[in-house]
Structure formats: structure tokens, C-alpha cells
Amino acid sequence: MERQLRVNPIACSGHGLCAELLPELITLDEWGYPILPGGPVPRRLHRHARRAVADCPALALALTDAA
Amino acid sequence: MTAITQSTALWYASRATGVVSLLLLTLVVILGIAVNRQGRLPGLPAFAVTGLHRSVSLLSVLFIAAHVATAVMDPYVSIRAAAVVIPFVSAYQPFWLGLGAVALDLIAALILTSLARARMPRRAWRGIHWLAYAAWPVALIHGVGASPDLRSGGLRLLAIGCAMAVGGAGLWRLTQRAREMPRAERAAAVLAVNEPPGSPARPSFVPDREAR
Amino acid sequence: MTSSMTRPLPSLARHSGWDRDEPLAGPAETRYLGGMPRLLPPGPGPSGLRTHLARFGAPPLDWAGRGLVAEVQAAGLTGRGGAAFPTYRKLAAVAGYRRPAVVIGNGAEGEPASSKDKTLLWAAPHLVLDGLQLAACAIGSGTAGLYVHRDQRLHQWLAASIAERATAGLDLVPVELIAAPARFLAGEESALASRAAGGPALPRFKPPRASERGVADRPTLVQNVETLAQLALIARYGAAWFRSAGTTDEPGSMLATLHQADGQVMVVETELGTPIRDLLRLPAPAVLVGGYHGAWIPGELAGRLPLANAALRPLGAAVGAGVLAALPADRCGLAETARVVRYLALESAGQCGPCFNGLPRIAGALAELASPWPRPEIIADVRRWCGLVEGRGACRHPDGTVRLVRSALEVFAAELDQHILGRCAGSSNRPFLPLPPDLALDEADWR
């Protein structure tokens, strides 16, 4: 199943955990906010993506079914 | 072992696990405030702070469970199992133990919602999590009232230390929230720092023309 | 297609023109015969209920539930609020949720350069109100609202118009007047839904869109007031009539706000596809198309293009909210852009990190680029920040701002080189593009 990362920019306050937990896909911009990849999350990273979603203190990250 | 010695062992176990629970809960609250304020522990990444907050809170659940179980099992005092979660129904010290039940209920709400936090609305989870600021003082008051342990000697200093730590951190957290830049002013604040010096409020940037 | 244009009405931004008090003085208007103008009344002054009914008759509310959506689809009506989304699809989507829905007419054109919605609400409120009723009947909604910026006289006029229709038994659905704060983003769909529900006019994270879950969690149809007025005419005269103006791909008439180089501002009704040179007095060094989320195009190109998305999209521009502004020859396009982008930065809702960090930095850099001897390396900063804010907000505010900035860097590239050498072709300091005075930055300003 194709999964995609999405961030709620209103909830996001730039904690930066997601970039620490999923550095293969997420980088932080110069203000500390996450830049997400456009495409689907590779299968091998699904577990790490789920952890990043669960650990976000602001509950701003989500793993959705790719549209 | 005689019945009284067994009872004494359970009683001591309950008191000891109670003190440790209080210490762990103090640590949980302070770590929680650190997470919220994006504080870092030296040499550790941000996810370690959230990880510690979660681990210590689960550890405190274990110690609270032991604290409660030993108290119920102890035959010397009559505390029925229901009194663990229903406040003020215990035969022994109904008020002080009732406070313990209140604290336990609040902590149970915090733990259960946090385990399910990805599956519930964000705002609901946050609202319930604020109850942590109620759970901790109730737990402390339960500890001070239910047994004389925290009222004298080294343990009293410990209790005072924990109260100061949580009180100080909590107060700091609230003042930070009060001083947070309101949303409506954020862009203006960034602009103020990034505008060229001497920019008028309503700029008209046509430059001085070179001599023609 | 021959272009046709109404006698332009003075823009309300200048507060010139006619007596706006009800009732209409003068002879009753003749029945509408199908030509131009369509939305705007042909004579001076606003169209009261009597005049409106004499010209158009009553709206066919009983038929709306059955046939309106199909007719709107055949007509090819697209949203006149800027996004040009096919209207029938919005109607069908909201109706498709099969839950009690809400219809709201969006008259909050936060765009300072646009006055067409205000003008339409003054001049032909009953067309808008007809459209609101028809849309409500088409999707089976029993709740309707009209969302308008706080302006006491306009609100009084609209309240009186609504009351007059109620007395005449014209409306099936009661209409609530909702006050919008004077913010650029107040007309954004999710901000509107938030405000209509009693909260602040702040954009919300999507999904869910307002069409699925808007006011009070109900499916909410948000339509620009001009779209509703067009709908009111399609319901009476049909798709074929609607298509008799405009182009095949972009049919119908539209309202445009024209900013002439001499400072004259006017609202006109014209057909889509009208050559820009028939609307703006050209030549001009550059033309701003669409609004403050639109784009600059070079002056000589503007002279050869029609006001149509088919021609404008390849240039990165769009018809948008129908704003056309001809840059006067003595003004500096970079300075004008810098002023506008500063305003856009301050109008950020402050909710999303990339937006409230990026837009002010872009504004600051543009301010330097519009001044003598800017550091050339900041151009790269601007491009980087544009790339960083695009698509990373909860709404399209950063995206629209970036479109304007990029078009300015391209169209005014020569001016940029001159500025770096300390020269500027502009000779006048007077601001050209309109902006509201700096408002206090208070949470209450979003209510």
C-alpha cells in the first residue's frame, strides 16, 4: 500500500524530531520546519515513518494513503 | 515469616514504591515541560527527550501499580481493590487514599490517551494532557497525607525538592506561554528584523535618482 | 468574438459616483434583452428590488433543484473569485455529501486592488441574492449566508435588500449577513468557514475541505458573489445564452477592476477574451494581471493578449480576480512590488512557520532590491525563499505571493540590473498600487 507523509503546517512548531527519526526523507529548512518528500514513502522506511508520526510532540505529522 | 512480618514487608513495599513513584512522576512532568519547550538534554537528540518522557512515564506506571497492589494486598489495613480507582470508598483513611485514587485516575487518562494519541483528535489529546498539572499535586498531597513518611526527615526534604522542581518548571512553562508572540504579530516581528534599516512604515522605494 | 464593454462605473474604492441610498430614483429599467451589460445595471445608480424584478423577473427557484446544476455545467461557468474552478463541480460535490449543507456568498474581496465584488453588491445585490437562493435550492440547503467586509453602509444596504425580499416572499432560505474582518485572507474558503461558524477568519488545515466539512462541520458551498450573480442569469436565460459571450473555453462575461496609469480606477463588465488593450490604456511598461496573487506581464505583450486564461497561463499569469493594472511609465515596478509584498507578508495569518518566516524575509530583500545599490547576492536569497515557502502553508497565501515575486524578478530584470548600478527609471515616489493603511496587529483583527 502506498503511503505518503503529510504535515499540518499549522500544528507544526518546528520540534524537528521527524527529521531526526527519518533523515532519509525529511530535512529541516533554515527555520527548523520540515521539508517533506513529494512521492510515496519507500516500503523499507514505513516503520521509521510510523515512529516519526507517533513521536511528533505536536501531532503534526501523518502517514496517509497516497492520493 | 509471621503474618505481621509479611504485612510489614508489604507495607514497607507500598511506602517505598510510593516514594519512587513520586520521584518518577516529578521527572515525567519536568521532561514533559522540556518536550513542550523544545528543550534539549546535553548531547542527546530531540527524540531522546520525548523518548525519555515516555519511558519514565511507563516506568512510573509500573511503580504506581506495585505501590497500589502492595497496599491492597496488605492484610493489616483494609483497602479494597475498588478503592484504587474509585475515590473515597476505602475503609482505611478514605480521604487521603481517595486523593490517591483521583491521581491514579488522572494518570490513567493521561497514559491511555497517549497510547492512542495518533488515533484521536489532536486538540482532545492536548486538552486531556493538561490534566498532568492537576495529577501531580494531587499525588503529592496524597503522599503527604496518607503516611507520615514525607513529613519528616530526609523524605520531607525530598518532597519539598520535588514540589519546588515541579512548581518552578510549571511556573516557567506558564510564563513562557504568556510571553509567546501572538500569531497575528509573528510576520511583523520577522519583518522588523529583516527590513532594511530606515525603511518607513509605508514604504515608497523609488530611490534617489542618479543625476541625469 | 467582438469585444463589448459596459460604460465603466467609477470604482467604489474612490467613493465617487452615484447616490447609493434606496430606493432607485428615475424611470424603471426595461426588461433585459440578453446583451451586455449582464450583471451591472445599464443605468446610473444601484438596482433596487423593483428595478431588478422589472428587468429580470423572479428567480426560478422551483426549477433550481432539478435542472440548475446540469445547466451550469452546460454553461461552463467557472468561479469568479480567482480560482476559476468549474462551478457545477462544486455544486455537485456539496450536494453529493447528502448532509444538511450551508451556502455562503463570498463578497469579502480582501484584495485591495479589486473592487468588483463591492461594486456588484452595491449595484446589483438582488442578482447575488437570487444566486444564493438558487444555489441553496440546487443543493438542497436550508441555510444561507452572505459574507461581506465590515462596512456599515454596505451592510445596511444589503440588510435592507434582504429584508425587502423577505417581505415580498421572494426567498425560500433565510440569509444571514456575516461580517468579515478587513484582512487579505478573510475571503479564503476555510477562513470564511471558520468565521461563519463564529471563530476568527483564519485559514484551516485541509483536508477536510469546506465543501466536505465547513461551517459547523456541515458541507459548505462557498461561491464568490459574482459567480452567484452569473448563476442567477444562467438560471433564467440558459447555458446557450451564457455562452454567447466570451470564448468557447472561457465563456461568459466577467467583472474587472481596471487601474489606469493616470490613477483612474474603474469596474467594468466585459467578456472573457477581450483584448487587454481594449480595457487598459496602453502602452505601459508592465501590466499586473489578476491581483496581488497574480503576475506582472511585459507591457508590449499585454498589448497583444486577451484577458483569458488560455493566453495568460503560459506566461505564469491568470485572469484571477479580474484586476488589471497598467504601471505608469514614471513608476518603478520593483518598488511597487516591494510595497505590495510587504503588505502580503504582514497579512500572513502567522500560523505556518514557512509563511511567517519566509514572506517577511522576501519582503525585506525586495525592499533592498527596490533601493539604490542593493547587494546582488540577495536575489539568490529571494529565489531560495520562494522555493521554501511554496506549497508549505495551510493556504495558498505563500504560493500567490511567490507568483507575484517571481513575475516581478522576470519582468523587471532590466530594472534590477539598473538598481544594482544605482540607477532607476522611475521618477515618481508616489505609490500607485492601492494598499490599506497599516492596521494594528491584534488577534481581534481577525474576527
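The values are calculated or read from the model by the stated rules, or taken from the named source; none is laboratory data. Just so you know, these numbers come straight off a predicted model, no measurement behind them. Neighbour counts run over all protein chains shown; Cβ positions are idealised from the backbone, glycine included.
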Residue under question is B:Ser90, and the condition is that it be in a loop (DSSP other than H, G, I, E, B), crowded, with 17+ Cβ neighbours inside 10 Å and at negative phi; does it hold? yes
What tally of residues in the stretch C:50-84 results from selecting those that are over 20 Å from the mean Cα position of the chain (by Cα), under 20 Å from C:Ile139 (Cα atoms) and not in a helix (DSSP H, G or I)? 3
What single numbered condition from (1) in contact (Cβ under 8 Å) with a residue 40 or more places away in the chain; (2) farther than 30 Å from A:Asn8 by Cα; (3) assigned by TED's automatic domain parsing to the domain that holds C:Leu258 fails to hold for C:Gly320? (2)
Assess whether C:Thr51 counts as being at pLDDT 95 or above and of a type in the set (Val, Ile, Thr). no
How many residues does the stretch C:254-302 hold that are under 14 Å from the mean Cα position of the chain (by Cα), closer than 29 Å to C:Ala240 by Cα and touching a residue at least 40 places away in the same chain (Cβ under 8 Å)? 9
May I ask you to verify whether C:Ala321 is surrounded by 24 or more Cβ atoms within 10 Å (Cβ to Cβ) and closer than 30 Å to C:Thr247 by Cα? yes
Across the stretch A:57-67, what is the number of residues that are outside any loop (DSSP other than H, G, I, E, B) and more than 14 Å from chain C (Cβ to nearest Cβ)? 1
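Quick grid of which residues meet (1) hydrophobic (A, V, I, L, M, F, W, C); (2) surrounded by 21 or more Cβ atoms within 10 Å (Cβ to Cβ); (3) modelled with pLDDT under 95:
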residue: C:Ile297; (1), (2), (3): yes, yes, no
residue: C:Leu312; (1), (2), (3): yes, yes, no
residue: C:Val340; (1), (2), (3): yes, yes, no
residue: C:Phe356; (1), (2), (3): yes, yes, no
residue: C:Gly364; (1), (2), (3): no, yes, no
residue: C:Pro372; (1), (2), (3): no, no, yes
Of all residues being surrounded by fewer than 17 Cβ atoms within 10 Å (Cβ to Cβ) and either within 18 Å of B:Ala65 (Cα to Cα) or small (Gly, Ala, Ser) (or both) in the stretch B:119-144, which is nearest to the other protein chains (Cβ to nearest Cβ)? Just the residue, please. B:Ala124
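In the stretch B:107-156, what residues are of a type in the set (Phe, Trp, Tyr) and closer than 23 Å to A:Arg51 by Cα? Write out each step before concluding.
Start the filter on the stretch B:107-156 by keeping residues that are of a type in the set (Phe, Trp, Tyr), which leaves B:125, B:130, B:133, B:136.
Answer for the stretch B:107-156, where residues must be of a type in the set (Phe, Trp, Tyr) and closer than 23 Å to A:Arg51 by Cα: just B:Trp125.
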Considering only residues that are touching a Gly at 6+ places or on another chain (Cβ under 6 Å), under 30 Å from C:Arg423 (Cα atoms) and at the interface with chain A (Cβ under 10 Å from one of its Cβ atoms), which ones fall in the stretch C:373-401? C:Trp385
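Give the residue that is surrounded by the most Cβ atoms within 10 Å (Cβ to Cβ), with candidates limited to residues of the stretch C:179-210 that are outside any loop (DSSP other than H, G, I, E, B) and more than 18 Å from the chain's Cα centre (by Cα). Quick ask: steps written out before the conclusion?
Here is the first cut: in the stretch C:179-210, the ones outside any loop (DSSP other than H, G, I, E, B) are C:179-180, C:184-187, C:189-196.
Now drop any that are not more than 18 Å from the chain's Cα centre (by Cα), which leaves C:194-196.
Details: C:Ser194: 20, C:Arg195: 27, C:Ala196: 23.
Applying the filter and picking the extreme gives C:Arg195.
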Only one of these conditions is not met by B:Pro75: (1) in a helix (DSSP H, G or I); (2) more than 15 Å from the chain's Cα centre (by Cα); (3) away from chain A (no Cβ under 14 Å). Which number is it? (1)
Working only within the stretch A:17-38, note down all residues that are in a loop (DSSP other than H, G, I, E, B), surrounded by fewer than 21 Cβ atoms within 10 Å (Cβ to Cβ) and within 14 Å of chain C (Cβ to nearest Cβ). A:Asp29, A:Glu30, A:Trp31, A:Gly32, A:Leu36, A:Pro37, A:Gly38
Looking at B:Val77, B:Val19, B:Val72, which one is farther than 30 Å from A:Cys18 by Cβ, crowded, with 16+ Cβ neighbours inside 10 Å and at pLDDT 95 or above? B:Val19
Kindly indicate which of C:Ala163, C:Ala182 is over 17 Å from C:Ala196 (Cα atoms) and assigned by TED's automatic domain parsing to the domain that holds C:Gly81. C:Ala163
What number goes with the only condition from (1) at negative phi; (2) more than 10 Å from chain B (Cβ to nearest Cβ) that C:Ser428 does not pass? (2)
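Residue by residue, here is whether (1) under 29 Å from C:Met36 (Cα atoms); (2) more than 14 Å from every other protein chain (Cβ to nearest Cβ); (3) assigned to a helix (DSSP H, G or I) holds:
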| position | (1), (2), (3) |
| --- | --- |
| C:Glu269 | yes, yes, no |
| C:Arg277 | yes, yes, yes |
| C:Arg281 | yes, yes, no |
| C:Leu288 | yes, yes, no |
| C:Ala325 | yes, yes, no |
| C:Val341 | no, no, yes |
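Go through the stretch B:145-171 and count every residue that is among the hydroxyl-bearing types (Ser, Thr, Tyr) and buried (at least 16 other Cβ atoms within 10 Å of the Cβ). Spell out how you get there, then give the answer.
Initial filter on the stretch B:145-171 (among the hydroxyl-bearing types (Ser, Thr, Tyr)): B:147, B:152.
With buried (at least 16 other Cβ atoms within 10 Å of the Cβ) added as a condition, the list becomes B:147.
Count: 1.
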Matching option when the condition is crowded, with 17+ Cβ neighbours inside 10 Å and either under 30 Å from A:Cys56 (Cβ atoms) or in contact with a helix residue (DSSP H, G or I) (Cβ under 7 Å, 6 or more places away or on another chain) (or both), among B:Leu41, B:Leu24, B:Leu59, B:Leu112: B:Leu24
Selection from the stretch C:85-102 of residues surrounded by fewer than 19 Cβ atoms within 10 Å (Cβ to Cβ) and outside any helix (DSSP H, G or I) yields C:Phe85, C:Pro86, C:Tyr97, C:Arg98, C:Arg99, C:Pro100
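Which one of A:Arg51, A:Arg3, A:Arg47 is without any contact (Cβ under 8 Å) to a residue 12 or more places away in the chain and away from chain C (no Cβ under 14 Å)?
Answer to the selection: A:Arg47.
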(1) modelled with pLDDT of 95 or more; (2) surrounded by fewer than 21 Cβ atoms within 10 Å (Cβ to Cβ); (3) assigned to a helix (DSSP H, G or I): which one isn't true of A:Ala54, the others all being true? (1)
Cβ-Cβ under 6 Å, sequence separation 6+ or interchain: first residue in the stretch C:195-216 and β-branched (Val, Ile, Thr), partner crowded, with 21+ Cβ neighbours inside 10 Å. Which pairs? C:Val215/C:Val102; C:Val215/C:Ala193; C:Val215/C:Ala196
Could you grab me the full set of residues in the stretch C:350-372 that are within 11 Å of B:Ala187 (Cα to Cα), within 7 Å of another protein chain (Cβ to nearest Cβ) and either assigned to a helix (DSSP H, G or I) or touching a residue at least 40 places away in the same chain (Cβ under 8 Å) (or both)? C:Gln351, C:Cys352, C:Gly353, C:Pro354, C:Phe356, C:Asn357, C:Leu359, C:Pro360, C:Arg361, C:Ala363
